[in-house]
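Report on one structure; see the data block that follows.
Throughout, read-outs are computed from the coordinates displayed, never taken from laboratory work. Since the structure is predicted, the reported quantities are computational estimates derived from the model, not experimental observations. Positions of Cβ are backbone-derived with ideal geometry, glycine not excepted, and every protein chain shown enters the neighbour counts.
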Amino acid sequence: MRTTTLGRDGPVVGRLGLGAMGLSYRYAPASRSRGEAVALVRKAVDLGVNLVETAGAYASGENERLIGEAIRGRRDEVVLCTGGGLLGDLDGVLRPAGGPRALRAAVDDSLRRLHVDHIDLYLLRRVDPGVPLEESWGALAEQVWAGKIRMLGLPVVTVQEARAAEAVHEAAAMAAEVSLFTRCGLDDVVPYTVQRRIALLAGAPLGRGLLAGALSRYDDLPLDDWRRTQPRFAPRAIRHNFALTQAVAQVAARHAVTPAQVALAWLLRLGEHVVPLPGTRAPHHLEENLGGDRVRLTEQDLTDLEFLPYPAGAPEV
């Protein structure tokens, strides 16, 4: 796998990471197996994935506990990314919690659940509208100086906000939902991350599964799947959005690859600093996703994908 560096002088990571949220949170929780999830993370590391992303708010900390178990004995092989600034409720709603006291507690809780003595990359997951960004960022900078965190990452913010935060402490990464279906803000965010040598971590790079081409109907979703509550997966919207994926499938057919691999290859073309974080619970999909690094899109492919219409329904929250 090709590699890149987190920030100016951070660790070397593979161009494709692993987003762990779906292993224990939001996507059909009744069908999950903890043992299979742990095995999948370990398989990802075996295959060369070294950036693993989780968060304290995922399943009330259970996702971090799972990752901690999975990397036990292999800590040196993993660049561990987690984050705070959000509180997760049993109803799946995430609420901002960016006060200094809450963030300090969140870091300590993450260290305990992950069974590690430091976190490689800690993301501020969301700007709390009730707390100045510089105050939240400063509280996390203190944790860097205390040796609990190596590097910090921003959520999606304006360029002005990013500069204000970096006046307090530099950012090694910015995390955003980015895919062929979610391209808002790229004109501003990508140039800034390139200029500042900040890694862009692309979450939900497969459009929560839509871009893989496997979801064509609302009824394809399990009854306990969080996506049933999201506008892009409403019955009429999902039919419309599935039709859009046929353009991706046509590009995939030219290369004898899958739509998911094309969607990931498109993201990788945005810049060497872009690191998609696809998530999956299936080992064969894990291997399929990693194949996206080998797809080389042509100018015709890129033109066809550039004019892909925006999907129906607002982005997920």
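Per-residue packing, averaged as other Cβ atoms within 10 Å, sorts the ranges 272-284, 225-237, 205-217 into the order 205-217, 272-284, 225-237, beginning with the highest. For the range 65-162, the dipole from Cβ point charges (+1 on Lys and Arg, -1 on Asp and Glu) about the Cα centre works out to 260 debye, to the nearest 20. Positive contributions from Lys and Arg (+1) and negative ones from Asp and Glu (-1), summed over other residues with Cβ under 15 Å from the Cβ of Ala265, come out at -1. Packing here is the average count of other Cβ atoms within 10 Å per residue, and on that basis the peptides 143-154, 118-129, highest first, run 118-129, 143-154. Each of Pro309, Tyr122, Ala199 was scored by the projection of its Cα onto the charge dipole of the chain, and the greatest displacement toward the positive side belongs to Pro309; charges sit on the C-beta of Lys, Arg, Asp and Glu. Calculated on the Cα set of the chain, radius of gyration then Dmax: 18.5, 53 Å.
Working note: Karplus 6.51/-1.76/1.60 with θ = phi - 60° gives the range 142-157 the couplings 4, 6, 5, 5, 7, x, 7, 10, 8, 9, 10, x, 8, x, 5, 9 Hz, where Gly and Pro are set to x.
Volume per residue of the convex hull around the Cα atoms, evaluated for the range 150-284, comes out as 141 Å³. If you wrap the tightest convex hull around every Cα atom of the range 213-290 and split its volume per residue, you get 116 Å³.
Taking every DSSP helix (H) stretch of at least 4 residues in the chain, weighting each as -39,500 (n - 2.57) and dividing the sum by the residue count yields a mean residue ellipticity at 222 nm of -11500 deg cm²/dmol.
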